[in-house]
Amino acid sequence: MRPSLSFWLGIAILGIVLYALVTPRIYSVGKRSPIAAANVDIKGGFKAALDAYKVDNGDYPKGSNGLVELVQQPSGATNWHGPYLDRIPIDPFGKPYIYECPGRHNTNSYDLFSAGPDGRIGTEDDIGNWQK
């Protein structure tokens with residue numbers, strides 16, 4: 001016995017409903033994934049490299065160019081045991097990460113952040129190590 005037309009119509013309606021429910025979630029996850037990737041870089045790989053640098057050298061690299069010291073030994077750094085990173089990654093939006101030591105938010109250590117999707121520093125979409 002072949003399925004009736006109403007059976008196939010029910011299957012089509014169910015497919016449309018499922019598509020309508022799932023598609024916005026997939027799109028939403030896709031929009032968040034670069035933000036999640038930036039957080040992993042900032043609170044994962046960079047943090048581990050910067051903490052290892054501090055253990056070896058007594059403090060975090062100073063200034064705004066400090067990330068270079070994670071891949072290239074600075075002059076006068078006798079306890080440097082790097083490279084602490086193979087390369088300095090760029091953020092998921094194609095821009096360099098911003099490093100400041102001492103930080104404006106973390107005054108006793110450093111601020112590390114991405115300018116976020118809009119690429120402008122100091123806006124709501126910045127992604128930084130001071131955020132929860």
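The values are calculated or read from the model by the stated rules, or taken from the named source; none is laboratory data. Given the structure is predicted, the values throughout are model-derived calculations rather than measurements. Reconstructed Cβ throughout: ideal geometry from the backbone, glycine too, with neighbour counts over all protein chains shown.
Side notes on the structure shown:
- The set of residues in the range 86-101 that are assigned to a loop (DSSP other than H, G, I, E, B) and surrounded by 18 or more Cβ atoms within 10 Å (Cβ to Cβ) comprises ASP91, PRO92, TYR97, CYS101.
- Qualifying residue in the range 61-74 (condition: surrounded by 17 or more Cβ atoms within 10 Å (Cβ to Cβ), of a type outside the set (A, V, I, L, M) and not in a loop (DSSP other than H, G, I, E, B)): yes
- Taking first residues from the range 87-104 that are touching a residue at least 12 places away in the same chain (Cβ under 8 Å) and partners that are part of a loop (DSSP other than H, G, I, E, B) and of a type in the set (Asp, Glu), the Cβ contacts under 7 Å between residues at least 6 apart in sequence or on separate chains come to TYR97/ASP91.
- Residue count, the range 55-65 (criterion: under 19 Å from ASN108 (Cβ atoms) and modelled with pLDDT under 90): 2
- Test result for ARG104, part of a loop (DSSP other than H, G, I, E, B), modelled with pLDDT under 90 and not small (Gly, Ala, Ser): no
- Residues being surrounded by 16 or more Cβ atoms within 10 Å (Cβ to Cβ), acidic (Asp, Glu) and outside any strand (DSSP E or B) - total across the range 107-132: 1
- Residue that is surrounded by the fewest Cβ atoms within 10 Å (Cβ to Cβ), among those in the range 48-60 that are assigned to a loop (DSSP other than H, G, I, E, B) and of a type outside the set (Asp, Glu): GLY58
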